1. Taking the stated definitions as given, is residue 129 touching a residue at least 12 places away in the same chain (Cβ under 8 Å) and in contact with a strand residue (DSSP E or B) (Cβ under 6 Å, 6 or more places away or on another chain)?
2. Spot the failing condition for residue 80; the list is (1) surrounded by 14 or more Cβ atoms within 10 Å (Cβ to Cβ); (2) assigned to a loop (DSSP other than H, G, I, E, B), and only one is missed.
3. Would it be correct to say that residue 65 is modelled with pLDDT under 95, more than 14 Å from residue 16 (Cα to Cα) and crowded, with 19+ Cβ neighbours inside 10 Å?
4. Take the conditions touching a residue at least 24 places away in the same chain (Cβ under 8 Å), in a loop (DSSP other than H, G, I, E, B) and under 30 Å from residue 139 (Cα atoms) and apply them to residue 72. Does it pass?
5. Residues being more than 20 Å from the chain's Cα centre (by Cα), outside any helix (DSSP H, G or I) and within 20 Å of residue 61 (Cα to Cα): count how many of those fall in the range 1-49.
6. Among the residues of the range 133-147, is any more than 21 Å from residue 70 (Cβ to Cβ) and at pLDDT below 95?
7. Can you tell me which residue among 108, 94, 66 is free of Cβ contacts under 8 Å to residues at least 60 places away in the same chain and either over 18 Å from residue 40 (Cβ atoms) or more than 15 Å from the chain's Cα centre (by Cα) (or both)?
8. When the range 111-143 is examined, which residues are found to be in a loop (DSSP other than H, G, I, E, B) and either within 14 Å of the chain's Cα centre (by Cα) or surrounded by 19 or more Cβ atoms within 10 Å (Cβ to Cβ) (or both)?
């Protein structure tokens, strides 16, 4: 027997947007997180971009990593082994990096910092994109240890 869980999605929203709002949310204050997200979309439109949601989705796509490294112990050594990143984890990392980069900026309201980070990520610049490039560069540098990935996690 399968159980289907239905979640309420407000009109003119979608699953990715609601998930992002949940990542913005602090202390269970979803209405404030939703207001921050909507203010961010209006700020993107004020800055001359016609479709704010398209910019948001482009920023998410530009910050999704395809490879990452995980530590793997082999013998007495610990190697940084590159692994492919699943779709769900790609999205989660993208959200986390964008929001953390926006929170690290100072001296303006969070929706303006988030707007700037979204616009930077949509143009393949900014802190979140730099983080993605660093992670992928680390995976590329450790390609020599990729053969350790095929061993299952027995320990």
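1. Answer is no for this residue.
2. (2)
3. Spelling it out, it is not the case that residue 65 is modelled with pLDDT under 95, more than 14 Å from residue 16 (Cα to Cα) and crowded, with 19+ Cβ neighbours inside 10 Å.
4. no
5. Here the count works out to 1.
6. no
7. From the options 108, 94, 66, the qualifying one is 108.
8. Within the range 111-143, 124, 126 qualify.
The values are calculated or read from the model by the stated rules, or taken from the named source; none is laboratory data. What you are looking at is a predicted structure, and each value in this text was computed from that prediction instead of being measured. Because the Cβ atoms are built from the backbone with ideal geometry, glycine has one as well, and the counts that use them run over all protein chains shown.
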